[in-house]
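Data block below; observations after.
Taken together, the values in this text are just the output of simple stated rules run on the coordinates, not laboratory data. Keep in mind the model is a prediction, meaning the values are calculated, not measured. Cβ coordinates were reconstructed from backbone atoms using ideal geometry, including for glycine residues, and neighbour counts include every protein chain displayed.
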Amino acid sequence: MTWCMRTTLTLEPDVAARIERLRATEHNSFKELVNAALRRGLEDLESDDRRPSKPYRTGGWDLGRPRVPSLDDVSEALAQAEGEDFR
């Protein structure tokens, strides 16, 4: 058995404008476009895999060798940063 539901749908202005642009280029009815968009959206919502297809990665940079041999000795690190040499 096939059934249809008739309802009132309030669209945000940006969504309505996009549908109107699609109607002009694809020559489909408003009903066909809304149903196609809802099907795509529902398929996405029902899918188990909502993660991005590719993880975001950042590149690495070589910053050269450290100027301070160890940050464990704070007084030595501060002395080197201030130009003192007390070894």
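Go ahead and estimate [θ] at 222 nm for the chain from helices alone: -39,500 (n - 2.57) per DSSP H run with n ≥ 4, summed, over the residue count, rounded to 500. Display every interim value, and only then the final one.
Values: 3 runs with 39 residues, N = 87.
Mean residue ellipticity at 222 nm (helix-derived): -14000 deg cm²/dmol.
Per 10 Å bin from zero, what fraction in whole % of the C-alpha pairs of the chain is there, up to the bin with the longest pair?
Result returned by the calculation: 11, 21, 16, 10, 8, 10, 14, 7, 1.
In what order do 76, 43 fall by count of nearby beta-carbon atoms within 10 Å, going from fewest to most?
Working: 76 17, 43 9.
Ascending number of Cβ neighbours within 10 Å: 43, 76.
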